[in-house]
């Protein structure tokens, strides 16, 4: 049986078998293919988190009344703060913040209960360690919400009336607001991009370094058959890694999976083809395994991690970086993974990302075929 351009299935699968045999003998590549993705998902899944819990708090209660104790208890009951220090002097706050012993200091001045009982505004001060701006902002938001809820209870208690408006909120798709539900699907895209490109970055360069390129050039195998043959084993490995990543996400991090497995594997196959083709392109251009590995890491790791929307919000970046992010494939695949995992959406919602995956796969294959030459210079 033959394909167009006089391509033969027999030669194609012979190349795939040859590449699989080389891969089986290369322990380093096997570890990178099967062990690294799982380890990286577990490691980064635990390390990268936006959930702020157990914020240590120092309390300087100068009022020492029932109302001041209620405010402190409201902080403790919220589940985000833990009172670790109760102070007797205001001057004790700065050393604690300097050492990082606490992240927030709550100061309740004298007359707090008296002002509340008289219907006057009562002041309370929150001092936050701003060295970590993200944690400081989240801690202030938590503190503001707790104080607002406490104030509402005080007003309602004084008026002896029910609240005129009761807000009822419902969170869709990530009901528990766990950051792992958002991070883990995104990690699959970033890790697959990096590993796929690094694996195939060794293929053509390995032929040059081992001196087998001359033998390959003497065969009647078409360069398209060479590229597809080298790509197929890694595509199979990549899909196995996707299955493992889904299992880890669901079993270890309890990420819900609400969408179509077939749609996910179809999108993942396109993404992997593009990534693998990019790696072969780098390998053919570099002709050195060391140089190809370094280039592939630089070309995939930083853009996929920083400009994909996995960790940093793209809308808050400068215009130049937002424009660059438009050509980062992981950006689109992350939307696909989160949509299928958390929302259960289909092609009617993900058609833009689907076209992006097709374009990436075509670009990766084209670059790989164009860069590979059987002729020995």
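Taken together, the values in this text are just the output of simple stated rules run on the coordinates, not laboratory data. Keep in mind it's a predicted model, so treat the numbers as computed, not measured. Here the Cβ is made from the backbone with ideal geometry for all residues, glycine too, and neighbour counts use every protein chain on show.
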Query raised in the report: Among the helices (runs of 4 or more DSSP H) confined wholly to the stretch 73-160, which include 1 or more residues that are surrounded by fewer than 12 Cβ atoms within 10 Å (Cβ to Cβ) and touching a residue at least 12 places away in the same chain (Cβ under 8 Å)?
Result: 133-159
Report task. Filter the stretch 311-343 for residues that are under 13 Å from the mean Cα position of the chain (by Cα), over 21 Å from residue 361 (Cβ atoms) and touching a residue at least 24 places away in the same chain (Cβ under 8 Å) and give the result. Result -> 311
Query raised in the report: In the stretch 362-376, is there at least one residue being within 21 Å of the chain's Cα centre (by Cα) and assigned to a helix (DSSP H, G or I)?
Result: no
Query raised in the report: For residue 64, are the conditions met, namely being part of a helix (DSSP H, G or I), closer than 30 Å to residue 146 by Cβ and free of Cβ contacts under 8 Å to residues at least 12 places away in the same chain?
Result: no
